Amino acid sequence: MQLHCKVNGEPREADGVWEGESLLYVLRERLGLPGSKNACEQGECGSCSVYLDGTLVCACLVAAGQAEGARIETVEGLADGDILHPVQQAYVAAGAVQCGFCTPGLIMATHDLLRRISAPTDVAIREALAGNLCRCTGYEKILDAVRMAAANARVGE
Amino acid sequence: MRGDRSLRATSSRPTRQRPAAPVTPVTGGLGESARRPDATLKVKGEFAYSSDLWAEGMLWGTTVRSPHPRAKIRSIDVSEALMVAGLATVLTADDVPGRKTFGMEVPDQPVLAWGDIRYQGEAVALVAADHPETARRAAALVRVDYEVLDPVVDAEAAMAPDAPALHPSGNVLKHVKVRHGDQQPTADVVVTGEYEVGMQDQAPLGPESGLAIPDGEGGIDLYVATQWLHVDHDQLVASLDLRPAQIRMTMAGIGGAFGAREDISIQIHACLLALRTGRPVKMSYSRQESFVGHVHRHPARLQYEHGATRDGRLVCVKTRIVFDGGAYASSSNAVCLNAATFACGPYEVPNATIDCYVTYTNNPPCGAMRGFGAVQACFGYESQMDKLAAALGMDPVELRLANAMREGTSLPTGQRVEGPAPVAEILRSLRAMPLPPNADGAGEAERDLRELPGGVSNTTHGEGVRRGVGYAVGYKNIAFSAGFDDYATARVRLSVVAGEPIAEVHSAAAEVGQGVVTLQLQIVRTELGVQRAVVLPADTQVGSAGSSSASRQTWMTGGAVKAACEAVRERVLALAASKLGATGRLVLADGAVLVADAGAAPTRVSTLADLLGAEVVEETVEYRHAPTEDLDPETGQGNAHVGFAFAGHRAVVDVDTELGLVKVVEMATAQDVGRALNPQAVEGQLQGGTAQGLGLALMEEIQISGGKVRNPSFTDYLIPTILDMPPVRMDILELGNPVSPYGVKGVGEPPTISSPAAVAAALRAATGRALRRIPVRPEHITGLLETRTDAVPDDPTKPARISAETQ
Ligand code: FES
Ligand code: FES
């Protein structure tokens with residue numbers, strides 16, 4: 001089948017998509033956007049998190065056909081050229097990145113949290129990021145990064 | 001910027017005046033929390049992991065695996081698979097041109113099985129097709145006729161004389177014996193215990209994956225995520241039957257490792273498919289395949305007998321540890337040796353009898369995972385120390401302090417501990433740390449219910465919740481041991497580009513997330529005084545770095561980069577002396593050569609840019625640590641290890657004793673890292689390693705029955721989430737190490753060694769239950785299900801003698 005959608009603001013299309021493919025596969029293998037990660041491909045790790053029409057979803061659980069005509073934002077769309085998004089800056093500065101395989105998904109989930117709650121408590125951060133597995137960091141520096149991003153955003157207001 | 005250069009070009013008159021370019025101090029050197037060079041790419045989603053690779057015209061490879069843990073292959077029929085449209089090839093054992101087996105230490109594992117199947121998930125055939133789904137469908141059509149056999153699924157049973165031999169060498173893969181001191185000692189108080197550790201998975205988030213590209217001349221380029229390029233390369237050369245130069249490997253981005261990438265996964269398979277089809281072949285395991293596609297942490301059964309004087313001095317430790325090695329050797333031998341050498345813990349033990357076994361079974365193969373044999377032993381000996389403290393009526397920390405190993409202690413292997421061994425300092429530091437506010441103390445009113453056991457599921461308002469505190473301390477070797485020729489190679493190149501000095505570092509060290517790329521940059525910045533530095537991609541065009549395992553890269557590749565920098569520096573300073581006639585104590589700093597004579601302010605001789613001009617200074621160095629020796633096979637005596645690292649944990653838990661749910665309130669750790677060359681990265685290792693230990697204590701176990709893995713997914717194999725992981729309080733000790741570069745010790749593994757034991761101790765304190773098995777399950781906490789080991793009679797006055805083989 002053919003698929004049309006808007007990815008990071010640009011109209012994109014993919015040809016010859018097999019109906020069983022996930023949105024994650026289309027992004028990674030057909031549209032050249034491997035930033036969203038494939039750690040489990042069964043909705044358990046959050047590494048593939050993207051916005052689908054403004055809602056944070058696991059791209060591995062979205063059938064490609066469901067994305068027809070949709071607006072998709074991926075981690076590749078967050079930075080403004082060389083200027084990192086404040087959430088990305090915070091992850092770098094806090095040392096929240098080790099192997100980094102969880103990072104794109106966590107950054108998307110953090111972005112989603114902070115647009116809903118600008119000053120989340122630690123418990124709220126933990127709840128919001130509970131669907132994102134990280135095997136390297138023990139999450140402490142991820143919490144630091146979210147707190148830092150929230151604080152910087154408040155200063156920037 | 002370098003206006004002084006053109007100025008000098010026009011003035012031929014010699015002058016005493018030194019060029020006065022502004023001095024910009026070098027930042028990001030050793031001791032700073034320098035930024036990772038890959039962080040920006042990683043947060044943008046632009047870092048190329050092995051599963052992200054793509055090449056024009058590439059095929060997808062997939063593996064046909066045995067559903068049976070033990071069987072004989074009668075025949076394989078690929079005819080139906082070959083009819084699938086889009087299929088490129090199907091390969092079986094006959095298509096492996098060279099050595100048909102692989103293995104890091106013992107090449108006992110078939111590249112593709114041809115007679116015996118020894119575990120569920122064993123690779124039998126390979127398929128390449130134009131789409132991953134085509135490959136999967138074709139794989140399902142490869143008809144393998146199996147004669148299914150009863151699997152050997154128990155490590156102890158595998159040692160029985162009538163057990164079927166799974167390998168020609170028999171089922172006992174290794175037995176390490178250590179005999180130290182009096183073998184028939186008497187003690188005032190004796191406690192015995194039997195413990196079990198479940199099979200843990202490394203569960204790195206990045207799947208095993210890579211891309212093999214044939215070069216059209218019979219050779220191949222392989223891009224893959226691995227912990228050790230060169231040991232893979234050796235195995236590729238053997239199995240592909242190619243000359244070493246025909247196989248070029250380049251490291252692709254690694255999504256975590258923790259031991260899971262020390263053995264071959266897709267490497268040989270992807271190359272076989274690519275060479276056969278003449279097209280690039282990508283392989284990327286699903287999570288389910290990943291669970292059977294790499295080795296796991298050895299499950300262990302540990303029997304202990306500790307004897308002490310009435311005032312709490314250890315007299316003897318007797319132990320028998322049995323590891324289930326699974327179907328193939330992997331690094332089992334080294335794990336077994338490690339466990340044997342650390343079996344008594346970081347204590348002064350005058351008499352010891354240690355027997356440590358690893359056996360073949362038809363369970364999944366086990367091998368390297370963070371902590372490598374030391375983790376299982378620590379759960380055993382630290383559980384015993386608590387039990388002994390209880391029997392003696394002593395405080396558990398006091399008992400440990402009274403027996404703590406120190407510098408100069410002689411291990412049961414006869415090896416003397418050189419350099420700081422701060423076991424007592426670690427324990428005192430942990431004990432002195434403030435405890436988190438008590439659940440039933442003041443401030444409870446404000447406590448969010450989500451912070452109680454059961455968390456967001458809101459299963460309790462505090463009724464039935466009890467708090468417990470537990471301590472554990474552990475230790476482990478750094479780098480490779482037992483006579484292994486352990487070395488790392490680094491090439492450092494200094495040149496001037498666009499008027500600025502730039503240092504390039506080339507090593508094959510695997511950046512698994514730990515930060516060895518950052519560290520290499522920090523070393524060259526500090527050693528050469530150069531701001532601009534880059535780490536070239538790790539590949540096989542430079543010598544081996546050894547594995548990113550055994551907590552060794554900071555020491556080993558760090559040592560190699562340091563030595564290469566020193567060699568470069570020597571040449572640069574010699575150049576300054578010969579070219580400019582510089583004399584005195586010359587040093588490199590801030591992009592210049594300086595004279596830094598004692599008592600005088602440093603003065604600049606020349607900028608590096610001016611001194612070097614078009615000259616390139618390059619040095620390659622192999623760094624080796626001091627040699628080690630294997631243990632004596634009868635007595636277990638020998639200087640097997642080059643150095644040790646120590647860490648301890650204090651766990652504070654809240655337990656819902658009715659539901660068996662646990663909330664770890666806080667983990668505290670103290671660890672001697674020798675020297676923290678990048679404090680932020682060190683903290684990250686301590687936090688992350690502690691999390692993996694917490695996972696082993698509470699939730700992480702590969703469930704196996706009948707030799708089959710029952711939970712190969714993140715739905716059923718649980719790793720700690722951000723809800724499970726509490727804050728980690730840290731005390732990072734920097735006591736140095738007399739025999740390593742910069743006085744470093746390894747950092748990565750120690751946090752995983754003592755954390756499981758500390759959590760288990762805290763759970764016992766909260767529940768009063770024996771809890772002799774990790775992971776601890778809710779049914780063990782509530783007492784609904786006693787583990788087999790929990791059912792062992794527990795009478796300290798009548799020790800059940802360990803049925804240890806006496807020599
Ligand atoms: S890859 Fe989608 S949730 Fe794990
Ligand atoms: S940084 Fe490796 S999984 Fe999170």
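Residues with beta-carbon under 13 Å from that of A:L3, excluding A:L3: net charge, scoring Lys, Arg +1 and Asp, Glu -1?
Working: positive: A:K6, A:R12, A:R30; negative: A:E13, A:D15, A:E19, A:E21, A:E29, A:E68.
Once all neighbours under 13 Å are counted, the net charge is -3.
Explain nothing, just the number: relative contact order of chain B, from Cα pairs under 8 Å at least 6 residues apart, as a whole percent. Please list the in-between numbers first.
Details: 2086 pairs, mean separation 129.8, N = 807.
Taking the mean separation of contacting Cα pairs over the length of chain B, I get 16 percent.
Quick check for you: which residues of the stretch A:39-73 have the amide N under 15 Å from the point 7 Å beyond the Cα of A:R115 toward its beta carbon?
A:49-58, A:71-73
Would you pull out the residues with amide H under 5 Å of A:C99's amide H, same chain only if 5 or more places away, H placed 1.01 Å from N?
Amide H neighbours of A:C99, under 5 Å, 5+ apart: none.
Based on the Cβ-Cβ distance from A:T55 to A:V123, what FRET efficiency comes out when R0 is 22 Å, to the nearest 0.05?
Values: r = 23 Å, r/R0 = 1.05.
Efficiency at R0 = 22 Å is approximately 0.40.
Short version: what are the Cα gyration tensor semi-axes of the stretch A:3-76, square root of 5 times each eigenvalue, largest first, in whole Å?
Working: eigenvalues 54, 36, 24 Å².
After diagonalising the Cα gyration tensor, the semi-axes are 16, 13, 11 Å.
With +1 on each Lys and Arg Cβ and -1 on each Asp and Glu Cβ, and nothing else charged, work out how big the dipole of the stretch B:487-624 is about its Cα centre, in Debye to the nearest 20.
In total the dipole reaches around 200 debye.
Using the Cβ atoms and a cut-off under 10 Å, what net charge is assigned to the surroundings of B:I264, where Lys and Arg are +1 and Asp and Glu are -1?
Values: positive: B:R261; negative: B:E208, B:D232, B:E262, B:D263.
After counting each charged neighbour, the total is -3.
Round to a whole angstrom and tell me the spacing of the C-alpha centers of the stretch A:1-21 and the stretch B:337-360.
About 59 Å separates the Cα centre of the stretch A:1-21 from the one of the stretch B:337-360.
Mean Kyte-Doolittle hydropathy of 0.5 or higher plus an axial Cα length of 27 Å or more: which whole DSSP H helices in chain A meet both? Can you show the working numbers first?
Values: long enough: none.
Span-like helices, by this rule, are absent here.
Between B:T715 and B:D116, what FRET efficiency comes out of the Förster formula 1/(1 + (r/R0)^6) with R0 = 30 Å and r the beta carbon distance, rounded to 0.05?
Details: r = 32 Å, r/R0 = 1.06.
Once rounded, the FRET efficiency stands at 0.40.
Which listed residue (B:I247, B:S383, B:P185) has the Cα farthest towards the positive end of the charge dipole for chain B, taking +1 on Lys and Arg C-beta and -1 on Asp and Glu C-beta about the Cα centre?
So the residue we want is B:I247.
With bins 10 Å wide starting at 0, give me the P(r) of chain B over every alpha carbon pair, in whole percents.
3, 13, 22, 23, 19, 12, 6, 2, 0, 0
Report the extension gain between B:T635 and B:S578 in nm, rounded to one decimal, defined as 0.36 nm multiplied by the number of residues separating them, less their alpha carbon distance.
Gain on stretching B:T635 to B:S578: 14.7 nm.
If packing is taken as the average number of other Cβ atoms within 10 Å across a peptide's residues, how do B:585-595, B:458-468, B:314-324 rank, most packed first?
B:314-324, B:585-595, B:458-468
With an 8 Å Cα cut-off and a minimum separation of 6 or more residues, compute the relative contact order for chain A in percent.
Values: 274 pairs, mean separation 36.8, N = 157.
Computed over chain A, the figure is 23 percent.
Roughly how many debye, to the nearest 20, is the charge dipole of the protein assembly as shown about its Cα centre, given +1 on each Lys and Arg Cβ, -1 on each Asp and Glu Cβ, and no other charges?
Working: 88 positive and 114 negative charges, 407 e Å.
Approximately 1960 debye in magnitude.
Using the crude model of +1 on Lys and Arg Cβ and -1 on Asp and Glu Cβ, and no other charge, please compute the dipole size for the stretch A:3-76 relative to its Cα centre, in debye to 20.
On the way: 6 positive and 12 negative charges, 34 e Å.
For the stretch A:3-76, the charge dipole is close to 160 debye.
Whole-Hz Karplus ³J(HN,Hα) for the stretch B:478-495, in order, using 6.51 cos²θ - 1.76 cosθ + 1.60 and θ = phi - 60°, x for Gly and Pro?
10, 6, 7, 10, 6, x, 5, 6, 9, 8, 9, 10, 9, 10, 10, 10, 10, 8
Once the dipole of the protein assembly as shown is set up with Lys and Arg at +1 and Asp and Glu at -1 on Cβ about the Cα centre, which of B:L205, B:A479, B:L87 lies farthest towards its positive end?
Value computed over the given set: B:A479.
Positive end of the charge dipole of chain B (Lys, Arg +1 and Asp, Glu -1 on Cβ, about the Cα centre): tell me which of B:L718, B:V26, B:P602 has its Cα farthest that way.
B:P602
Under a plain spin-label model, where a point goes 7 Å from the Cα along Cα-to-Cβ, how far apart in nm are B:E156 and B:A626?
The two pseudo-label positions are separated by 4.1 nm.
Which cross-chain or sequence-distant (5 or more) residues have an amide H under 5 Å from the amide H of B:V315, H modelled 1.01 Å from N in plane?
B:G307, B:A308, B:T309
Of the DSSP beta bridges with both residues in chain B, give the percent that are antiparallel, rounding to the nearest 5.
Working: 107 of 139 bridges.
Taking every DSSP beta bridge with both residues in chain B, the antiparallel ones total about 75 percent.
Round to the nearest 0.05 the FRET efficiency obtained for B:A498 and B:D448 when R0 = 45 Å and r is the Cβ-Cβ distance. Kindly include the intermediate steps, with their values, before the conclusion.
Numbers: r = 56 Å, r/R0 = 1.24.
The formula returns an efficiency of 0.20 here.
Under the classification rounded if a/c is under 1.5, otherwise prolate if a/b is larger than b/c and oblate if not, where does the stretch B:487-624 fall, given a ≥ b ≥ c as square roots of the Cα gyration tensor eigenvalues? Spell out each step's value before the answer.
Numbers: a/c = 2.29, a/b = 1.93, b/c = 1.18.
Since a/c reaches 1.5 and a/b is larger than b/c, the shape of the stretch B:487-624 is classed as prolate.
Obtain the nm distance between the two label points defined at A:D15 and A:Q2 by a simple spin-label model: each point lies 7 Å from its Cα along the Cα-to-C-beta direction.
A separation of 0.9 nm, rounded to one decimal place.
Determine the shape class of the protein assembly as shown: with a ≥ b ≥ c the square roots of the Cα gyration tensor eigenvalues, call it rounded for a/c under 1.5, and otherwise prolate if a/b is greater than b/c, oblate otherwise.
In terms of gyration-tensor shape, rounded.
Mind checking which helices in chain B clear 30 Å along their axis (Cα) and have mean Kyte-Doolittle hydropathy of -1.0 or more, DSSP H runs only?
On the way: long enough: B:553-580 (38 Å, 0.35).
Sorted by number, the helices that extend far enough and score high enough are B:553-580.
Just add up the charged neighbours of B:D386: K/R +1, D/E -1, any other residue whose Cβ is under 10 Å from the Cβ of B:D386.
Details: positive: B:K387, B:R400, B:R764; negative: B:E382.
Computed value for this residue: +2.
Going by C-beta contacts inside 10 Å, put B:L411, A:L113, B:L723 in order with the fewest on the left.
Working: B:L411 25, A:L113 21, B:L723 18.
Ordered from fewest to most neighbouring Cβ atoms within 10 Å, B:L411, A:L113, B:L723 come out as B:L723, A:L113, B:L411.
Out of all DSSP beta bridges in the protein assembly as shown, what portion is antiparallel? Express it as a percent rounded to 5. Write out the running numbers ahead of the final one.
Details: 120 of 154 bridges.
Antiparallel bridges make up about 80 percent of those DSSP assigns within the protein assembly as shown.
When the Cα centres of the stretch B:188-224 and the stretch B:675-708 are compared, how far apart do they sit, in Å?
One Cα centre to the other: 14 Å.
For n ≥ 4 DSSP H runs only, could you compute -39500 (n - 2.57) per run for chain B, divide by its residues and tell me the 222 nm figure to the nearest 500? Walk me through the numbers before you get to the answer.
Values: 18 runs with 197 residues, N = 807.
Result for chain B, helices only: -7500 deg cm²/dmol.
A short reminder: the numbers here are calculations on the coordinates, not readings from a lab. None of the values given here were measured: they were computed from a predicted structure. Reconstructed Cβ throughout: ideal geometry from the backbone, glycine too, with neighbour counts over all protein chains shown.
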